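Data first, discussion second: the structure below is written as structure tokens.
Laboratory data are not the source of any read-out in this text; all were calculated from the coordinates shown. The shown structure was predicted, so the numbers you read here are calculated from the model rather than taken from an experiment. Here the Cβ positions follow ideal geometry from the backbone for every residue, glycine too, while neighbour counts run over all protein chains shown.
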Amino acid sequence: MKALIIEDELIASQNLQRLLNRISPDIEVERTLESVEEAVEFFSGSNDIELVFMDIHLADGLAFHIFDSVRIQCPIIFTTAYDQYAIDAFRVNSIDYLLKPIKSEDLERALDKYRNLKSMNVAGGDAGNLTATQIASLMQMVQQPKYKSHMLIPLRDKLIPLPVSQIAYIYLDDKISRLVTFEGQQHALDKPLDAIFAQLDPSRFFRANRQYIIAHDAVSDISLWPLSKLHVSLSVPTPEKIIISRARVAEFKEWFTD
């Protein structure tokens, strides 16, 4: 079976390939693409891809923009840190929706679903025309995320519970994740930023760039920046300026005004 991965995070794509090699060696990942533009170019030509693993937040925008330009015939398994796009995903050939960090048992379940649906002629070219009943049935299989309400902060010989509502931002400081509260207190965390962000409600927190996760309530000012970027100021001082890249400006605006 020939598969395609559309993912802009190298670590995430490598992890997915490792899981696939272990769970289903018959799947051959033919290519890995990183952007909407690359995906549109790829699917504009002929290909023999049978299954696509697609992240939603790509380097140059939401993956759904791909479907505005080309039609993808094969089924898609979405891999993302966000749960709010599930309904949209199932309307564009999606047969499953895996939340990062992806667990081997969830991936195995998704592949089993693909094979079962394919045998029933649900997967494939007609997957984008699922009935309301089929969509509802598939939605019941989606892993429902449980976002953290508190963080456990190590303090000497104790673990102090901290409500996530007190978090202004989290940033990467020399490979150490540091949490900063609205009161300006700093705490070191023992997890990488990717793992931390996957546990936070995406309606309240935004991954501004590779160094910063910011809280919606902490944003105090947004300024236009050269090259169509944005500069986001928070109500709490930050070690450096927080810049939203041009590719993610639309996504940030949608998140902030939602």
task = Please list 210-216, 226-232 highest first by mean number of surrounding beta-carbon atoms within 10 Å per residue.
result = 210-216, 226-232
message = On a straight-distance basis, which lysines could pair with Lys229 in a cross-link, Cα separation under 30 angstrom, same-chain partners fewer than 8 positions away excluded?
response = Lys100, Lys175, Lys191, Lys241, Lys253
ask   = Roughly speaking, what is the centre-to-centre gap between segment 206-258 and segment 171-190 when only Cα atoms are used, to the nearest Å?
value = 18
Karplus-derived HN-Hα couplings along segment 48-65 (A = 6.51, B = -1.76, C = 1.60, θ = phi - 60°), whole Hz, x at Gly and Pro = 10, 5, 9, 8, 10, 9, 10, 6, 8, 8, 9, 4, 10, x, 6, 4, 4, 5
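Take peptides 235-246, 57-68 and line them up by average Cβ neighbours within 10 Å, highest first, as a rough protection proxy.
Details: 235-246: 14.9, 57-68: 18.6.
So the peptides 235-246, 57-68, ranked by packing, come out 57-68, 235-246.
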query = For the chain, what does -39500 (n - 2.57) per DSSP helix run (n ≥ 4), summed and divided by total residues, give at 222 nm, in deg cm²/dmol to the nearest 500?
reply = -7500 deg cm²/dmol
Cα-centred dipole magnitude for segment 150-257, charges only on beta-carbon of K, R (+1) and D, E (-1), debye, nearest 20 = 240
query = Taking Cα pairs under 8 Å and at least six residues apart, what relative contact order does the chain come out at, in percent?
reply = 12
task = With an 8 Å cut-off on Cα pairs and a minimum separation of 6 or more residues, tell me the relative contact order of segment 1-101 in percent.
result = 26
ask   = In the chain, with Lys and Arg counted as +1 and Asp and Glu as -1 at Cβ, which of these residues, Leu20, Met151, Gly61, has the Cα nearest the positive end of the dipole, that is, farthest along it?
value = Met151
message = To the nearest 20 Debye, how big is the dipole of the chain about its Cα centre, given +1 on the beta carbon of each Lys and Arg and -1 on that of each Asp and Glu?
response = 600
